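Colleague: I am attaching a structure below and will ask some questions about it afterwards.
The values are calculated or read from the model by the stated rules, or taken from the named source; none is laboratory data. Note that the structure is a prediction, hence the values are computed from the model and not measured. Positions of Cβ are backbone-derived with ideal geometry, glycine not excepted, and every protein chain shown enters the neighbour counts. Keep in mind that these areas ignore ligands, DNA and RNA; they rest on the heavy atoms of the full protein, side chains included. Shrake-Rupley method; radii C 1.70, N 1.55, O 1.52, S 1.80 Å.
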Amino acid sequence: MAAAATSAEASQVRAVARVNLAAIERNSARLSAATPRLCAVVKANAYGHGAVECSRAALAGGASWLAVAAAAEASELRAAGVAARILVMGAMTRGELGRRSRLTRTSSRGARTSWTGWPGWGGGRVHVKLDSGMGRLGTRDVELANALAARIAGSEGLELAGAMTHLATAEEPDRSFMQGQLERFAGWVGPLRDRHPGLIAHAENSAALLGVGRGRFDMARCGGAVYGLDPYGGDPGDWGLEPALELRSWVAALKVCEAGESAGYGRRFVAGERTELAVVPVGYGDGVRRVLSTMPRC
């Protein structure tokens, strides 16, 4: 558990961000209990928490896969000795496609796919992505997705390892669009798995997994919940999750704000009565955006 900032730390820095790796391990154990496989998303340096360290903590908690957005992120993990399956979910350049680093790639080729060959793929495990409603990578055309899966399965050096989709509204109170996405995905992936036994199907994110309480498919890809965030914007403790990140600073000044006096840009705070204010030396240079200054006038 992270300890309080010491006076020595306060004399050296304005703010200290601390990551509780034990919380990430426990969150991963909580999520792993709800799905056959947990894929911990560690893209963008594990959302700023530290990719290598968080990957190890998530794997210790029960995650069996990791997901990143780019091949360079996966290469960083491999260089650090992380041996788990790594799914590269984002678009990849030809140079990245040629890397052989025991990575699993997402095939997101659209309707204009050229069937003249697989230039630069270099071999490896591939997951086909159906665009069931996110509108980004993947193809909306079920027949094209089937043809792509068959082509991968029949290509030397390639292995058809999985099928996936990406949910657009899992955090929204209205679950109808998400249910439609899941139905479209299930209708496609069921027959696909009959033709290709052993295929791993995955669709759920943190919100979809927690909202139902169990996995519908073979694997869930969880990001925010691994780090202790409630995807619905509530109390993480309600889901048995622990926030993994804390930002600590110190009080640089105490001052009195008389009734009618203000503090901050735009006078977002105006004292309705005599108030004592504490000035904490943290700002947008530390990642605290000014847009968060929404305190109403008192």
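Colleague: If you take every residue apart from Val280 with its C-beta less than 12 Å away from the C-beta of Val280, what net charge results, scoring Lys and Arg +1 and Asp and Glu -1?
Modeller: Every neighbour counted, the sum reads +1.
Colleague: Say the dipole of region 120-178 comes from +1 at the beta carbon of Lys and Arg and -1 at that of Asp and Glu; which of Gly124, Ala168, Leu137 then lies farthest toward its positive end?
Modeller: Gly124
Colleague: At 1.4 Å probe size, with no ligands or nucleic acids counted, give the accessible surface of Arg268 in Å², nearest ten.
Modeller: The accessible area of Arg268 comes to roughly 110 Å².
Colleague: Right, next: Given the protein chains as shown and a 1.4 Å probe, how many square angstrom of Ile200 are accessible, to the nearest 10?
Modeller: 10
Colleague: Give the long-range amide H neighbours of Gly124: residues separated by 5 or more places, or on another chain, with amide H under 5 Å away, using H modelled in the peptide plane at 1.01 Å from N.
Modeller: Counting only residues 5 or more places away or on other chains, the set is Leu158, Glu159.
Colleague: Where a ≥ b ≥ c are the square roots of the eigenvalues of the C-alpha gyration tensor, would you call region 129-241 rounded, which needs a/c under 1.5, or, failing that, prolate if a/b is larger than b/c, or oblate? Present the calculation step by step, with values, prior to reporting the outcome.
Modeller: Values: a/c = 2.54, a/b = 1.93, b/c = 1.31.
Since a/c reaches 1.5 and a/b is larger than b/c, the shape of region 129-241 is classed as prolate.
Colleague: Would you kindly derive the ³J(HN,Hα) couplings of region 176-185 from the backbone phi angles with the Karplus curve 6.51 cos²θ - 1.76 cosθ + 1.60 (θ = phi - 60°), listing them in order in whole Hz, with x for Gly and Pro?
Modeller: These are the phi-based 3J(HN,Hα) values: 5, 5, 4, 4, x, 4, 5, 5, 4, 5 Hz.
Colleague: Sort Val88, Val52 by heavy-atom solvent-accessible area, probe 1.4 angstrom, most to least.
Modeller: Reading off the accessible areas and sorting them downward yields Val52, Val88.
Colleague: Can you tell me the dipole magnitude for region 237-281 around its Cα centre, using point charges on the Cβ only (Lys, Arg +1; Asp, Glu -1), in Debye to the nearest 20? Present the calculation step by step, with values, prior to reporting the outcome.
Modeller: Working: 5 positive and 7 negative charges, 53 e Å.
The calculation lands at about 260 debye.
Colleague: Tell me the per residue accessible area of region 140-224 using a 1.4 Å probe; a whole number in Å² is fine.
Modeller: So region 140-224 comes to 42 Å² accessible per residue, rounded to a whole number.
Colleague: Where Lys and Arg each count +1 and Asp and Glu each count -1, what net charge lies around Gly190 among other residues with Cβ under 15 Å from its Cβ? Don't skip to the answer; put the middle values down first.
Modeller: Working: positive: Arg184, Arg193, Arg195, Arg216; negative: Glu183, Asp194, Asp218.
Around Gly190, the charge tally is +1.
Colleague: Continuing with the same structure: Would you tell me the accessible area of Leu254, worked out with a 1.4 angstrom probe on the heavy atoms of the protein chains, in Å² to the nearest 10?
Modeller: 120
Colleague: Between Val288 and Val13, how high is the FRET efficiency from 1/(1 + (r/R0)^6) when r is the Cβ-Cβ distance and R₀ = 22 Å? Nearest 0.05.
Modeller: After rounding to 0.05, the efficiency reads 0.90.
Colleague: Which order do you get for Glu143, Glu172 if you rank them by accessible area with a 1.4 Å probe, largest at the top?
Modeller: Glu143, Glu172
Colleague: Could you check the spin-label model distance between Leu254 and Arg268? Points 7 Å from the Cα along Cα→Cβ, value in nm.
Modeller: 2.5
Colleague: Sort Ser28, Ser75, Ser293 by accessible area with a 1.4 Å probe, largest first. List each step's numbers first, then the result.
Modeller: Details: Ser28 0, Ser75 35, Ser293 60 Å².
Of Ser28, Ser75, Ser293, the descending order of accessible area is Ser293, Ser75, Ser28.
Colleague: Could you compute the net charge surrounding Phe217? Neighbours are other residues with a C-beta less than 12 Å from the C-beta of Phe217; K and R count +1, D and E count -1.
Modeller: Numbers: positive: Arg37, Arg193, Arg214, Arg216, Arg221; negative: Glu204, Asp218.
Value of the local net charge: +3.
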